[in-house]
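Engineer: Okay, here's the structure, questions in a sec.
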Protein chains: 2
Amino acid sequence: MKVWELGEFALIELIAGIVGKPSSNDIILGMGDDASAWRTEASIQIGTTDILIQDVHFTLKTVTWRDLGWKALAINISDIAAMGGKPSYALVSLGLPPETEVDSVAELYRGLMEIATKYDVDICGGNMSSAPVAIINLSVLGKASENILTRSAALPGDQIAVSGYLGQAAAGLKMLKSGLEFDPETSAFLREAHLRPCPRVAEGQVLAQNGVKAAMDLSDGLVSDLAHIGKASHVAARVWVHRLPIHPLVNAAFPEESLGLALSGGEDYELLFTARSDVVERVKGLMPSPVTVIGEILSGEPGQVTLYDERGEAIEWSESGWEHFRSPG
Amino acid sequence: MKVWELGEFALIELIAGIVGKPSSNDIILGMGDDASAWRTEASIQIGTTDILIQDVHFTLKTVTWRDLGWKALAINISDIAAMGGKPSYALVSLGLPPETEVDSVAELYRGLMEIATKYDVDICGGNMSSAPVAIINLSVLGKASENILTRSAALPGDQIAVSGYLGQAAAGLKMLKSGLEFDPETSAFLREAHLRPCPRVAEGQVLAQNGVKAAMDLSDGLVSDLAHIGKASHVAARVWVHRLPIHPLVNAAFPEESLGLALSGGEDYELLFTARSDVVERVKGLMPSPVTVIGEILSGEPGQVTLYDERGEAIEWSESGWEHFRSPG
C-alpha cells in the first residue's frame, strides 16, 4: 500500500502505534496535538536539528528504510553527545513522495525506535508532508550539566584525542557504492559503521564531567572538523598521521586508502576533543571506548591543520572534508 | 552570487550576521557549535516542528523569500500559541538548491528575524544542506503554565469559538494563484493574510489562563480542524455557518466563495477553542482579537461536524480540508 492510498491521518495513527507510549514520565503530551509538552527542571538544555535528504545524504539503493531511521536520529544524538549532554526528546519532520510504500514508513519508524530505545530518547512529536524526494528532519533535545563541551575551548598545549576509530564509515560507504565484496566480518563491520553509527553519549558525559572543555563530533572528516575547532578556538593543530586509530579491518580492506578515509572520510561520529595531557590521561581510564592521542594544539593561524608522518616530516594533504554547495549541483 | 559559489561555511557566517546576538540571557550557546544550549527552569516546555517544501507548500512564483521566512516561523509559533504557550527558541534546517542566490537566503533570514523579533523568539541554531528544491524546517520551543490547551478536552455543551476571521488566507492564495486584481486595500489585506499570518500567542495565553481547556490552531481548515478536536475529544460538533466571522473584504472580493473559503480554506492560524458559555464570555472581554461563537459541542459520533444555516436546516458540505498524500503525486 502506498502512503497516498492510506492518507496522512491514518499514517500518523500507524506511526503512533509503532512509537507507543512515552517512556519518560516528564512528557505531558506526546504525538497527536498541535505540539508536544514536557516538564523541565532548572538545568541546561541542548537542542540540535539535522536533515537527511534523498540523493543528497543517502540513496535508497544502498540504505534500507530501517537503517535510515537509525541514522537520522543517530546524527542528531551525536551532536548532543558532542556537547557532553544526554539526549531526551526528538521531534520528527517527514517529507515523503506519495508513492512511498506505507511499509517503508513503518520500517523507518522501527529504525528510529531501535536507536531511540537504545539511547533512552522519546520521540514525542512531528509532522509529515508530501515531497518530491524523501526528507527526514530530526530535532533532538537533551540535558547537560554546567560543563558543556564546545568547539571554542581548545588551548595551545592541549593534546588532541579521538574516541574509537577513524575512517570506517567512509570505508563502508565506499564498499556499498562500489559493490565491493569482503569477508562477512569485514562487510558487516563496514556496513554497520556507515549505516548504524553509535553516537558517543556516555563518552561525551565522561569528558564533560572530567575537565575536558573542547570537543565536537566527527561528521565532516577529521581534518575539516579539526579546522572547525581551530577556527572557533583561534588556534592551529598538528596531527601525527601514523598515530591515527584505523581499525585493522579498514586497513586490510583498503590498504592504500585507509589513511585518506581516516583524514577526510567523515561520518564516523566519534568524538574529537582536546585537553591538557593530565586530563586526557584521566579520561582515558574512564571512557567506555578507546581513546587515542593524535596530535596537539598550537598557537598559530586559526584553523590551520598540519600533518606529520612518523619521521616528523610535514606531509601535504589537499583533500578537504564535506561541505555543502561546493558545486553548482 | 549563488550559494554554491559562496559555500556552506561562508553562508553560515553570513546568516550569523543577520541573526545577531541572542536576546535571551538564558542562551549559553547559539549558532556555530554542534548544538545550541540554554538554561531552563522548572516548568513546562512545548516543542513543535513543521516543514515547508517548495512546490508542495509554496511556490517561489508567488512568495518572496522574506515572506517565506516569516511564514515558516509563523506556522510553528502558531502551534505553540495553540497550546497556550509562549515561544522562546527556534532551530532552522534549510535545504537549498546550489543555484539559489545568496541574497535569497539572506532575505529568508531577514523574514525569519522580522517575526522572531516581533514574537521575542531567538533563532539559536540549525543546519543547512544542498537539496533538489527549497526546504525549510523549523523546530520551535516554548514555555507554558500548567494549563495547556489540548485537542482532547472538548466537552458536550461547550460553545465553539474562533479568534479573528476565517477564510482570508485561502482568499489570498486564490488571488495570488489566479493573478486576480482588487483595490489596493483588499489586495494588501489578502496578501498579508496568506503570506504573513500573525499567530495568536497572546490570545492562546488568555485562553489557557482563564479556564479554556480545548483549542487548536486553524491550519487545515475549520471543518477539518474541528473534526480533529472532535476525534481527539470523542465528541461531535454543530456549526452555524451564518455566524462564521468572514471579513467584509473577503465577502466583497469573493461573494460566492467566501463561505467555502471560511469552512475549508485553512492557513488562517486563528485559534479554534471550546469552553462553557460563561468561560467564553469571560475570555471574550480579555482577548486582543475578536472572538465569535460559531457552534457547539455535542455528544455524538467522534469527529462528526454538522453545519446549519440561519433557518436551522442542516446543509451538506463535501469539501474536505487539507490532507497530505491524498493523491498519487
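Engineer: Can you give the mean number of other chain Cβ atoms that lie within 10 Å of the Cβ atoms in peptide A:122-130?
Structural biologist: Mean partner shielding for this stretch: 5.
Engineer: In chain B, what percentage of the DSSP-assigned beta bridges are antiparallel, given to the nearest 5?
Structural biologist: 75
Engineer: Largest first, please: the extent of the C-alpha atoms of region B:93-149 along each principal axis, to the nearest Å.
Structural biologist: Principal axes ranked by extent give 47, 20, 17 Å for the Cα atoms.
Engineer: May I pose another question? What's the percent breakdown of Cα-Cα distances in region B:3-144 across 10 Å bins, shortest bin first?
Structural biologist: Spelled out per bin, shortest first, that is 12, 45, 33, 9, 1.
Engineer: In a solvent-free Debye calculation with one equal scatterer on each Cα, what is log10 I(q)/I(0) for the protein assembly as shown at q = 0.08 Å⁻¹, listed in the order of the q values?
Structural biologist: The calculated log intensity ratios at q = 0.08 Å⁻¹ are -0.60.
Engineer: If you put a point 7 Å past Cα along the Cβ direction, how far is that point for A:T64 from the same point in each other copy, in nm, smallest first?
Structural biologist: 5.0
Engineer: What percent does the relative contact order of chain B come to when contacts are Cα pairs within less than 8 Å and at least six residues apart?
Structural biologist: After rounding, I find 21 percent.
Engineer: Follow-up. Residues of B:136-145, mean number of Cβ from any other protein chain within 10 Å of their own Cβ, rounded to a whole number?
Structural biologist: Other-chain Cβ atoms within 10 Å of each residue's Cβ, averaged: 5.
Engineer: Also, I was wondering about something else. Name the residue from A:L180, B:G111, B:N76 whose Cα lies farthest towards the positive end of the charge dipole of the protein assembly as shown, charges +1 on Cβ of Lys and Arg and -1 on Cβ of Asp and Glu.
Structural biologist: Among A:L180, B:G111, B:N76, the one farthest towards the positive end of the dipole of the protein assembly as shown is B:N76.
Engineer: Out of every Cα pair in chain A, what percent are spaced more than 27 Å from each other?
Structural biologist: Considering chain A, 47 percent of its Cα-Cα pairs are separated by more than 27 Å.
Engineer: In addition: For region A:168-248, just the Cα atoms, rotate onto the principal axes and tell me the three extents in Å, largest first.
Structural biologist: 43, 26, 21 Å, listed from the longest principal axis down.
Engineer: In degrees from 0 to 90, rounded to the nearest 10, what is the angle of the helix A:168-178 Cα long axis to the longest principal axis of chain A?
Structural biologist: The answer is roughly 60 degrees.
Engineer: List the extent of the Cα atoms of region A:159-315 along each of their three principal axes, largest first, rounded to whole Å.
Structural biologist: Sorted from largest, the Cα extents of region A:159-315 read 44, 34, 25 Å.
Engineer: Rounded to the nearest 20 Debye, what is the dipole magnitude of chain A about its Cα centre when Lys and Arg each give +1 and Asp and Glu each give -1 at the C-beta?
Structural biologist: 560
Engineer: What does the charge dipole of region B:129-279 about its Cα centre add up to, to the nearest 20 debye, if the Cβ of each Lys and Arg holds +1 and the Cβ of each Asp and Glu holds -1?
Structural biologist: That gives a dipole near 420 debye.
Engineer: Report the antiparallel proportion of the DSSP beta bridges in the protein assembly as shown as a percent, rounded to a multiple of 5.
Structural biologist: Approximately 75 percent, going by the DSSP bridge assignments.
Engineer: List, in order, the whole-Hz ³J(HN,Hα) value for each residue of region B:154-161 obtained from phi through the Karplus relation with A = 6.51, B = -1.76, C = 1.60 and θ = phi - 60°; use x for Gly and Pro.
Structural biologist: Whole-Hz 3J(HN,Hα) from phi for region B:154-161: 6, 10, x, x, 5, 7, 9, 9.
Engineer: As a test, work out the antiparallel percent of DSSP beta bridges whose residues both lie in region B:159-315, rounded to the nearest 5.
Structural biologist: Among the beta bridges of region B:159-315, antiparallel pairing accounts for roughly 85 percent.
Engineer: Quick one: check the C-alpha center-to-center distance for region A:19-69 versus region B:282-306, whole angstrom.
Structural biologist: 33
Engineer: Right, another one. Counting only other chains, and only Cβ atoms inside 10 Å, what mean value do you get across the residues of A:93-102?
Structural biologist: That average works out to 4.
Engineer: Quick check for chain B: number of Lys pairs with alpha-carbon distance under 25 Å, counting only pairs 8 or more apart or on different chains?
Structural biologist: 24
Engineer: How do A:23-29, B:233-239 rank on mean C-beta neighbours within 10 Å, highest first?
Structural biologist: Most protected by this proxy first, the peptides run B:233-239, A:23-29.
Engineer: While we're on this one: Run the dipole for the protein assembly as shown about the Cα centre, Lys and Arg Cβ at +1, Asp and Glu Cβ at -1, nothing else charged, and hand back the magnitude in debye, nearest 20.
Structural biologist: Dipole about the Cα centre, nearest 20: 1060 debye.
Engineer: DSSP loop GluC sites (Glu not before Pro) in region A:247-292 with at most 16 other Cβ atoms within 10 Å of their Cβ, which ones?
Structural biologist: A:E256, A:E257
Engineer: Between the alpha-carbon centers of region A:125-155 and region B:209-244, tell me the distance in whole angstrom.
Structural biologist: The distance from the Cα centre of region A:125-155 to that of region B:209-244 comes to 33 Å.
No lab work stands behind these numbers, since they all come straight from the coordinates. Note that the structure is a prediction, hence the values are computed from the model and not measured. Every residue, glycine among them, receives a Cβ derived from its backbone with ideal geometry; neighbour counts consider all protein chains shown.
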